[in-house]
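The values are calculated or read from the model by the stated rules, or taken from the named source; none is laboratory data. Owing to the predicted nature of the structure, the values given are computational and were not obtained by experimental measurement. Please note: Cβ atoms are built from the backbone with ideal geometry, for glycine as well, and neighbour counts cover all protein chains shown. Only protein heavy atoms, including side chains, enter the accessible area calculation; ligands, DNA and RNA are left aside. Shrake-Rupley method; radii C 1.70, N 1.55, O 1.52, S 1.80 Å.
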Amino acid sequence: MGALKKGEFEGTVTLEPSRVPHVAALKRLFELWALDKEFHDAYRSDPAGALASTGLNVDPRAGALVLLGQLPEDGGELPETFTWYRDFFEERFARGRRNSLRMQIADPRFAGWRARQMRRCARDMPYMARFMSHLPLVFELSLGCSVGCSFCALSAGRLEGAFRHTEANAALWKDVLSCMHAAIGGAAGAALCYYATEPLDNPDYELFLKDFHNEFGEVPQTTTAAATRDLGRTRELLRWGQQTQLHFDRLSLLGKRDADAVLASFTPEELLYTDLLPQFEEAPACSLKRAGRNLGDSRAEEGTSACASGFIVNMFERSVRLVTPVVASDEHPTGELVYEKAGFSDGASLEGVVRGMIERHMSVTLTLADLLGR
Ligand code: SF4
C-alpha cells in the first residue's frame, strides 16, 4: 500500500440520491432513540404509535431492526431501506479503519512507534481500540475550553485565549502546516484542529480550516459541544465542510435542550453526515469515559478519550507534546501518556522539536541501556 499524499485519504462513503431520504430518516429515528428518553420508552411499549409520532417516513420493520435488532417476524427478506442504512454505516467505519491503517508516515521510526501504540491499545482496550484513529498530528487553536463539562475526559482547563487569524498568525499557521507536512508526510492531513479545546471558542476556526484544506486537500473533522451557541454558524460550518469534502462531523449534545434545538433546527438529511453524541445523563445512550474530571465515576466506561499517537501542537501557547492513549488511571488521569512537551517559535523550530522527539522516543531498536532499564 502506498503512502497517502495530498488529498489521498479514502473519501467517506456516499449514497445514491434516491437512498438519502430513507437512510437519513432511519438515522434520525436512531438519534431519537439515543437522545430522547420519552421516545425511547414510548417505542418500547408501543412501537407503531411512537414511530407515527415522529412523522418520519420509515418502514416499521426497518425501524425495529435499527432500534432493536429484531429480524422480521415473517422470516422474509430484510427491508431494503435497512440494508442501505446498514451498508452505509458499515462502509463508513471500514473506510475509517482502512485510512487509519494505511496512514503512512514519512519517518519509519515514527511509523513503527505508532504501530506499536496501536498494538498496545488493541491489547489493553480491545473494544475501544477499534475506534481509535491514533492520529499522528492534532492542533489546538485555543488554550483551555469555555464549555467546562463536568465529565471532561481530558480535564480541559478554563479558556485562556484563542489563536486569532491575524496576518502574522495566519503566516505562522501556514508555515507550521507546511513544516509538519514535510516532517510527518501526507498522514498529517488526517489532523484535527481541536483536542482539549472547543473548536468554536476560536472565532476564526473556519479560516484555519480553509488554510488547512489548501495545504493538505483535506477538511478536518469537527466535533463541537457548542453547536447551539450560534446555530447559523454551525450550519454554515457543516455546509462548507461537507460541500468541500464529504466527511463526518460530530455535535456533542450536553442536555435535552441542546438535543431538542438541534433536532428542530436541522432536517434528517442535513445531518446525514453529522453524528449526534448523547452526552447527558438522561439520554438513553449516554456514554461517558471514566477519565479526566470523570475519573471517579464508576458507572462510566473504563478507557480513554484520547485519539492521538503523535504530536499535539497548541498554536496559542506555541507548544507541542508527544502523547499516546492509555487506560485512564490515577497515574494517567486523562488517559494519555505524555512523553515530552516543548515550545516552538515558528515552523522550522517546531519541525526541529518534532524531529528531536522522534529521535529520543521512537528508536527502532532497543539499546543495552534500554534493556538494563537505565
Ligand atoms: S469535553 Fe470538550 S467541550 Fe467539554 S470541557 Fe472538555 S474539551 Fe471542552
Problem - Single residue of the range 177-207 satisfying the filter (more than 21 Å from Ile358 (Cα to Cα) and among the polar types (S, T, N, Q)) that is surrounded by the most Cβ atoms within 10 Å (Cβ to Cβ) - result: Thr197
Exercise for the section: Among the residues of the range 249-273, write down those that are surrounded by fewer than 18 Cβ atoms within 10 Å (Cβ to Cβ), out of contact with any helix residue (DSSP H, G or I) (no Cβ under 7 Å at 6 or more places or on another chain) and part of a loop (DSSP other than H, G, I, E, B). Expected result: Gly255, Thr267, Glu270
Practice task
Residue by residue through the range 131-150, note down the ones that are open to solvent by 30 Å² or more (accessible area, probe 1.4 Å) and in contact with an Asp or Glu (Cβ under 7 Å, 6 or more places away or on another chain).
Solution key: Leu143, Ser146, Val147
Handout entry: Identity of the residue in the range 317-369, acidic (Asp, Glu) and surrounded by 13 or more Cβ atoms within 10 Å (Cβ to Cβ), that ends up farthest from Cys193 (Cα to Cα)
Key = Glu340
Handout entry: Qualifying residue in the range 279-293 (condition: among the small types (Gly, Ala, Ser), buried (at least 18 other Cβ atoms within 10 Å of the Cβ), touching a residue at least 40 places away in the same chain (Cβ under 8 Å) and out of contact with any helix residue (DSSP H, G or I) (no Cβ under 8 Å at 6 or more places or on another chain))
Key = yes
Exercise for the section: Given the conditions (1) part of a helix (DSSP H, G or I); (2) within 16 Å of the ligand (Cβ to nearest atom); (3) at pLDDT below 95; (4) of a type outside the set (D, E, K, R), report the number of the one that Leu200 does not fulfil. Expected result: (3)
Fill in the blank from the handout: For the range 231-243, the count of residues that are open to solvent by 50 Å² or more (accessible area, probe 1.4 Å) and within 22 Å of Tyr195 (Cβ to Cβ) equals 1
Practice task
Output the helices (runs of 4 or more DSSP H) that fall wholly within the range 14-130 and possess 3 or more residues being surrounded by 13 or more Cβ atoms within 10 Å (Cβ to Cβ), or say none.
Solution key: 20-35, 37-45, 47-54, 60-68, 80-102, 108-124
Problem - Residues being within 16 Å of the ligand (Cβ to nearest atom) and of a type in the set (A, V, I, L, M, F, W, C) - total across the range 226-267 - result: 8
Completion exercise
In the range 301-316, anything modelled with pLDDT under 95, open to solvent by 10 Å² or more (accessible area, probe 1.4 Å) and not polar (S, T, N, Q) is listed as Glu301, Glu302, Cys307
Handout entry: Failed criterion for Thr304 (all others in (1) more than 23 Å from Phe139 (Cβ to Cβ); (2) among the polar types (S, T, N, Q); (3) touching a residue at least 24 places away in the same chain (Cβ under 8 Å) hold)
Key = (1)
Practice task
Please state which of the following conditions Cys179 fails to meet, knowing it meets all the rest: (1) more than 16 Å from the ligand (Cβ to nearest atom); (2) out of contact with any Asp or Glu (no Cβ under 6 Å at 6 or more places or on another chain); (3) over 21 Å from Tyr339 (Cα atoms).
Solution key: (2)
